[in-house]
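Chemist: For reference, the structure I am asking about is given below.
The values are calculated or read from the model by the stated rules, or taken from the named source; none is laboratory data. Please read these numbers as outputs of a predicted model, since none were measured by experiment. All Cβ positions, glycine included, derive from the backbone under ideal geometry; neighbour counts span all protein chains shown. Side chains are part of the model used for accessible areas, which takes the heavy atoms of the whole protein and leaves out ligands, DNA and RNA. Shrake-Rupley method; radii C 1.70, N 1.55, O 1.52, S 1.80 Å.
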Amino acid sequence: EALLAADPGTGATRALLEERDLAWLNLAPGFPRWLADGSGFLWWTERNGGPEVELRSPDGAFRASWVSPEHGFAALVGFDDRRRGLWFTGGADPTSTELFLVRDGAPPERVATGDGPAAVEAALSRDGSRLLVTRATAGELPRTAVHAADGSQRPERIAELPSVALEPPFAPSTAISRVGPGEGIWASCTRPRQFTPGKKLPVIVDVYGGPAHQHVARVPRLLAQWMADQGYLVVSFDGRGTPRRGRAWERALRDDLGGVNLDDQVTALRALAAEVPEMDLARVGITGWSFGGYLSALAVMKRPDVFRAAVAGAPVAEWRDYDTFYTERYLGLPRQNGDAYDRSSLLAWAPRLDRPLLVLHGTADDNVYFLHALKLSDALFRAGRPHELLPLSGLTHMVPDPLVVERLWERVMRHFGENL
């Protein structure tokens, strides 16, 4: 990746800096961010092992590191040119997101917009005087408020934007912990509200397990609680390949989108069961959507010793048929790295299926095209592997129809009820 300066008169360009990575380069929205006085620009990099924000001179020379990797930069909130203040969200704990302020290169300061761990998103007004902050916790739905961007560690709340969301009649019981050896894997566990200590329960792994998304976060897991209340322990794990654990952690899935990340689901499942003895590891199901659907289908094909049943929502069956900008970042070019595509394809694993698999897919999916479900079903049919395919007529990658959502999850839970 090269950052170029262009002369608008002649069209001539010159390189200000270059970024290189043996695996891939992530892109950070909002960067480069030029200072209004033209004295330099802010640049985002991972060359030192994690997200970092640097101040660079107009010719690209390094001046200072404003946000170092240990601060866990997640997203740019805004830059106040008048006060030379950089606002961002992040934090050392990847399961929560906090708001930070950097004052002209001084160490980042945490800015509290509420109490306790939370998931925070924010935006800074153009004049740098106001912050729009949306905050959710494990027990509370997102709330959006306007705060004064006055630089205080607990800024004044000026107004709250009213929410039209219905308040849930219960608070989810989700607990978050880090399990397993070494660096550990972040895990969440949602128990039934009528939980009996010592009673073994079947387990549903709610998975994503891929790049650019965290599944274990301090947000209200209402669907997980609804599932758990039907007599399950619902768990999630963010293993290698997921963000906010550093450059090497995320890039571990290079050349194999169903390798170490699936291994980590198994490792974390067993590690959590050592702490939650009610988990019945002889009755484990797995479900997810999109990349999570891909990993769910792969799990019952590749690890039937662990997973007894799966529901795969909108899975990518063949990575050669998915978005090139996304896929080639992780697997390279098909002509040059065909083995990685073959290794990561569900079609190659289809003859191995001997566990119950339900595939759900919107017929008008504009992200993971419906042809993925058709190709997967065809490969399973030709291999003589029984499975179920439920087309969601006319629906896209997201499912906004309330009735379809209700019927969909009824069908998911019936699948697990019959097979776990």
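Chemist: Mind pulling the per residue volume of the convex hull built on the Cα atoms of segment 108-197? Å³ is fine.
Modeler: 141
Chemist: Search the structure for amide H atoms under 5 Å from the amide H of residue 312, placed 1.01 Å from N in the peptide plane, and list their residues when 5 or more places away or on another chain.
Modeler: Result for residue 312 returns 358, 359, 360.
Chemist: Further question: Which whole-Hz ³J(HN,Hα) couplings does segment 371-383 yield from phi under the Karplus relation 6.51 cos²θ - 1.76 cosθ + 1.60, θ = phi - 60°, glycine and proline marked x?
Modeler: 4, 4, 5, 5, 5, 5, 4, 5, 5, 5, 4, 5, 7
Chemist: Lys/Arg Cβ at +1, Asp/Glu Cβ at -1, dipole of segment 79-223 taken about the Cα centre: which of 139, 214, 170 is farthest positive-ward?
Modeler: Towards the positive end, the residue furthest out is 170.
Chemist: Same structure, new question: With the chain treated as a Gaussian network of Cα nodes joined by springs under 10 Å, which of 382, 157, 56 yields the largest mean-square fluctuation?
Modeler: Looking only at 382, 157, 56, the largest GNM fluctuation is found for 382.
Chemist: Okay, next question. Considering only protein heavy atoms, with the full assembly of protein chains and a 1.4 angstrom probe, order 264, 21, 366 by accessible area, largest first.
Modeler: 366, 21, 264
Chemist: Using Cα springs under 10 Å in a Gaussian network model of the chain, which residue among 15, 252, 228 shows the largest mean-square fluctuation?
Modeler: 15
Chemist: Residue by residue through segment 70-83, which ³J(HN,Hα) values in whole Hz follow from phi under the Karplus form 6.51 cos²θ - 1.76 cosθ + 1.60 (θ = phi - 60°), with glycine and proline marked x?
Modeler: Once θ is set to phi - 60°, the couplings for segment 70-83 become 5, 8, x, 3, 10, 7, 6, 8, x, 10, 9, 5, 5, 9 Hz.
Chemist: Continuing with the same structure: Would you mind estimating how fast segment 21-164 diffuses translationally, via Stokes-Einstein at 37 °C and 0.692 mPa s with the Kirkwood radius over Cα pairs, in µm²/s?
Modeler: In µm²/s, the coefficient rounds to 208.
Chemist: Which is farthest toward the positive dipole end of segment 357-420 among 387, 412, 402, measuring Cα position about the Cα centre, with Cβ charges +1 (Lys, Arg) and -1 (Asp, Glu)?
Modeler: Toward the positive end, the furthest listed residue is 387.
Chemist: Residue by residue, what Karplus-based ³J(HN,Hα) values in Hz, rounded to whole numbers, does segment 333-344 have, using 6.51, -1.76 and 1.60 with θ = phi - 60° and x for Gly and Pro?
Modeler: Along segment 333-344, the couplings run 7, x, 5, 9, 9, x, 4, 5, 5, 5, 5, 8 Hz.
Chemist: Would you please calculate the Kirkwood hydrodynamic radius of the chain over all C-alpha pairs and express it in Å, rounded to one decimal?
Modeler: In the chain this quantity evaluates to 23.3 Å.
Chemist: Rounded, prolate or oblate, given the Cα gyration tensor of segment 197-349, with a/c below 1.5 counting as rounded?
Modeler: Cα axes put segment 197-349 in the prolate bin.
Chemist: At a temperature of 10 °C and a viscosity of 1.306 mPa s, determine how fast segment 279-415 diffuses translationally according to Stokes-Einstein, using the Kirkwood radius over alpha-carbon pairs as Rh; express D in µm²/s, rounded to the nearest whole number.
Modeler: 104
Chemist: Right, another one. Quick one: of the DSSP bridges fully inside the chain, what percent are antiparallel, nearest 5?
Modeler: Here the share of antiparallel DSSP bridges comes out near 70 percent.
Chemist: Taking every pair of alpha-carbon atoms in segment 1-101, what share in percent sits in each 5 Å bin, from 0 to the bin with the longest distance?
Modeler: Result, from short to long distances: 3, 12, 21, 23, 19, 12, 6, 2, 1, 0 percent.
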